[in-house]
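The structure appears below as structure tokens.
What follows is calculated from the coordinates using simple rules that are stated; it is not laboratory data. Keep in mind the model is a prediction, meaning the values are calculated, not measured. We place every Cβ from the backbone using ideal geometry, glycine too, and count neighbours over all the protein chains shown.
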Amino acid sequence: MDINKSKDDIINSVPLFSRKRVIIPAIIAVFILTLAALIWYLDFSGTVSTDDAYVDGNRVTVSSKYLGRIVQLTVDEGSIVKKGDVLVRLDVSDLTAQERQAKASLEFAVQSAELAKVNLEKAEEDFTRAQTQFNNAIISKEQFDHATKAFEAAKAQSAIAAAQIDTARAQLGVIDTQLANMVITAPMDGVVSKRWALPGDVVQMAQPILSIYDLEHLWVTADLEETKFSELKLGQKVHIYVDSYGGKKFDGKIIQLGSNTAGQFSLIPPNNASGNFTKVTQRIPIKISVEYEGSTKKGEPVLVPGMSVEVKLKVD
């Protein structure tokens, strides 16, 4: 051995595979890569996942049944409402005038019926008297016929008067119903998510005024590829990762499998009979329950409809 060799020369003369400072990091790197590959395999093997998913919930659009001007909105966006709470009041001045007119018509019909009743009683008495006199040959057949016709006419007038009362009452009932519908109440518990009109606006029949979401009963709607649909079944456990909270995980399970592809309700549904048809993998919506109590537990994350989520579930 040459004593004149430097320390670096000695180190460099050692074969590469025998150097500890090379072998140990290489072993560690191989171990880390193997472990990462194993974790990836265990995590994604037999797993169905998609990011085409969002939080969903029951929504009701509150609208008017009649044309009217809004005079009062008792809630605003974000207001919590209970079923039966008054939300909107519409102008009732025209209907109030019609109600007074209908009440007057009803009173007139009642008085007319009283008059018809008196005339009927008189005609009946005249008919009974004329019948006795005709049987005793006191009056002529013509006079008896006149009394008979008068009695029949009186009965018809009485029936008409009774019908007029029913008509007036029905008309009043229609107006009362319209007046009741001028006050719009909440059809369910929830939160006002959108206000579409303001006081002073004239709304048409069925025009949206408010939108209400039920935040107590939410679910996730996920659109999965049709090639994975056969692997799904009701009750399967699902992991849900919410984008808004940095991928915070929620648990859930499949509660409904779609009965059609999402494309069937698109603006232009796919037409397989067209000459330039290009096959595209369709997606089928599924409904996933969420084990979530954030709307009632203080400090818990708040889920609202429309939030983007990712879902992942194991399949057999």
> By count of other Cβ within 10 Å, fewest leading, how are Phe144, Phe31 ordered?
Replying inline: Phe31, Phe144
> What residue among Thr132, Thr50, Thr96 has the largest mean-square fluctuation in a Gaussian network model of the chain, using Cα springs under 10 Å?
Replying inline: Thr132
> What angle, in degrees between 0 and 90 and rounded to the nearest 10, separates the Cα long axis of helix 93-135 from the longest principal axis of the Cα atoms of the chain?
Replying inline: 40
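Work out, step by step, the length gained on full extension between Lys149 and Leu257: first 0.36 nm times the residue separation, then minus their alpha carbon distance; give nm to one decimal.
Here the segment from Lys149 to Leu257 would lengthen by 31.4 nm.
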> Given only helices, namely DSSP H runs of n ≥ 4 each adding -39500 (n - 2.57), what is the per-residue ellipticity at 222 nm of the chain, to the nearest 500 deg cm²/dmol?
Replying inline: -13000 deg cm²/dmol
> For the stretch 147-199 and the stretch 58-118, what is the separation of their C-alpha centers, rounded to whole Å?
Replying inline: 11
> Taking the Cα atoms only, what angle lies between the long axis of helix 20-44 and the longest principal axis of the chain, rounded to 10 degrees?
Replying inline: 20
>> Using Cα-Cα distances under 8 Å and only pairs 6 or more residues apart, what relative contact order does the chain have, in percent?
In response: 28
> Could you list log10 I(q)/I(0) for the stretch 92-181 at q = 0.15, 0.20, 0.23, 0.24 Å⁻¹, which the Debye formula gives when each Cα is one point scatterer?
Replying inline: -0.64, -0.85, -0.98, -1.02
> So which of Lys82/Lys253; Lys287/Lys312; Lys117/Lys141; Lys103/Lys149; Lys194/Lys249; Lys233/Lys312 end up more than 23 Å apart by C-alpha?
Replying inline: Lys82/Lys253; Lys117/Lys141; Lys103/Lys149; Lys194/Lys249
